[in-house]
Amino acid sequence: MLKIDMHTHIIPRNWPDLHERYGYGEWIQLRHHESGKAEMHSGGTVFRVIEENCWDAHARLQDMEKTGVDVQVICTIPVLFSYWAEPKDALDFSQILNDDIARTVNKHPGRFIGLGTVPMQDTDMAIEELERCVKDLGFPGIQIGSNINERNLDDEDFYPIFEAAQNLDACVFVHPWKMLGQNRTRDHWLTWLVGMPAETALAICSLAMGGVLERLPDLRVSFAHGGGSFPLTVDRIVHGFQARPDLCQTKTKTPPSEMLKRIYVDSALHGEEALRYVISRFGANRVYLGSDYPFPLGEAPSGSIIESMDDLDQATQQRLLSGTALEFLGMSEADLGGFSPKHPTKA
């Protein structure tokens with residue numbers, strides 16, 4: 001079976017000194033302090049150590065061979081979104097990131113598919129870079145954060161960006177970042193363990209109850225980590241939607257449960273029962289393999305939970321491993337440039 005990992009992150013091996021380039025801010029920089037490892041710095045503080053599979057395509061390909069992944073969809077690390085920066089500088093850095101992804105895709109046709117990043121804090125610049133990603137770099141879509149400087153995704157400033165994505169037939173992958181409640185989740189890694197699922201549910205509800213997805217019926221949008229806490233809380237949300245229309249139906253009369261038919265989610269749920277429940281709510285045609293490679297919260301090996309579920313028939317398993325991802329991306333197997341999982345040397 002063709003196996004596509006829709007949720008993986010990559011960064012350039014190096015980039016310019018951004019503080020020197022722009023003259024302000026605590027920009028992220030890398031320091032390659034030992035072979036195969038690098039420290040991510042922000043304002044002189046080390047906040048994460050990463051390994052070479054975060055930037056080296058050959059290391060990734062070796063991991064893919066070990067885990068049977070034929071294709072990775074690659075996008076930047078959310079901490080590099082830089083929505084806080086001056087728009088022109090965020091655009092410049094987005095172009096650095098996107099050009100690096102494009103080089104990786106072009107060097108290894110059929111093995112990698114790129115999603116771009118855009119400066120969401122400026123509508124016109126975001127649309128400009130979205131168009132470049134699709135028309136010039138050949139990306140099927142973009143990755144964005146779940147909020148933009150604490151503004152939810154139904155903010156009217158962002159609507160033209162989503163509209164442009166629909167017009168370009170580009171997909172939008174929403175990844176949680178700058179999670180709500182961070183002042184209360186600093187201990188025990190709770191920002192990632194509790195904040196991320198809640199943040200994702202908030203992003204889904206914003207697009208649904210804000211009427212964005214109703215106004216853009218052909219927009220393909222997906223959410224990381226199985227949709228966060230949304231699948232388990234959607235019935236509560238719908239109950240509130242019906243009980244308090246004065247508060248919940250100010251921008252749409254469509255119940256949030258309809259989003260189960262509209263949005264896509266990945267399989268990064270870390271357990272068979274959780275994944276089985278999400279499939280039961282969304283349907284396999286809305287769920288795709290996504291591992292969050294190469295980070296500690298990612299599933300390793302990629303796709304192992306789907307492959308371990310003996311109750312899934314072959315057609316359903318294939319849908320989860322590649323079919324849904326291709327549909328979300330607006331692609332077919334033929335678009336993989338002649339690559340076949342039976343003939344990996346072609347890549």
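What to note about this one:
- Yes/no for Q121 being touching a residue at least 24 places away in the same chain (Cβ under 8 Å), among the polar types (S, T, N, Q) and part of a strand (DSSP E or B): no
- Filtered by the rule that a residue be in a strand (DSSP E or B) and of a type outside the set (F, W, Y), segment 247-268 gives V265, D266.
- When segment 43-67 is filtered for residues that are farther than 19 Å from R103 by Cβ, in contact (Cβ under 8 Å) with a residue 12 or more places away in the chain and outside any strand (DSSP E or B), the ones remaining, listed by number, are G43, D63, E65, K66, T67.
- Of all the numbered requirements in (1) within 23 Å of G23 (Cα to Cα); (2) crowded, with 18+ Cβ neighbours inside 10 Å; (3) without any contact (Cβ under 8 Å) to a residue 60 or more places away in the chain, K88 misses one, and that requirement is (2).
- A search for C-beta distances below 9 Å between a residue of segment 125-152 that is free of Cβ contacts under 8 Å to residues at least 24 places away in the same chain and any residue that is charged (D, E, K, R), counting only pairs 6+ apart in sequence or on different chains, returns R151/D157.
- Listing of strands (runs of 3 or more DSSP E) fully contained in segment 1-42 that carry 1 or more residues being over 22 Å from the mean Cα position of the chain (by Cα) and closer than 18 Å to D56 by Cα: 28-34, 37-42
- Residues satisfying the criterion are absent from segment 30-49 (criterion: touching a Pro at 6+ places or on another chain (Cβ under 9 Å) and surrounded by 18 or more Cβ atoms within 10 Å (Cβ to Cβ)).
- Failed condition for L190, given (1) free of Cβ contacts under 8 Å to residues at least 12 places away in the same chain; (2) among the aliphatic types (A, V, I, L, M); (3) in contact with a Leu (Cβ under 6 Å, 6 or more places away or on another chain): (3)
- Residue count, segment 283-297 (criterion: surrounded by fewer than 23 Cβ atoms within 10 Å (Cβ to Cβ) and either in contact (Cβ under 8 Å) with a residue 40 or more places away in the chain or part of a strand (DSSP E or B) (or both)): 6
- When the residues of segment 68-99 are filtered to those that are in a helix (DSSP H, G or I) and of a type in the set (G, A, S), the one that is nearest to T8 (Cα to Cα) is S94.
- With respect to (1) modelled with pLDDT of 95 or more; (2) of a type in the set (G, A, S); (3) more than 18 Å from the chain's Cα centre (by Cα), the lone exception for G145 is condition (3).
- Candidate set: segment 262-287, residues that are within 19 Å of A203 (Cα to Cα) and aromatic (F, W, Y); chosen: the one farthest from the chain's Cα centre (by Cα): F282
The values are calculated or read from the model by the stated rules, or taken from the named source; none is laboratory data. Quick caveat: nothing in here was measured; it's all calculated off a predicted structure. As a convention, Cβ positions derive from the backbone with ideal geometry for all residues, glycine included, and neighbour counts pool all protein chains shown.
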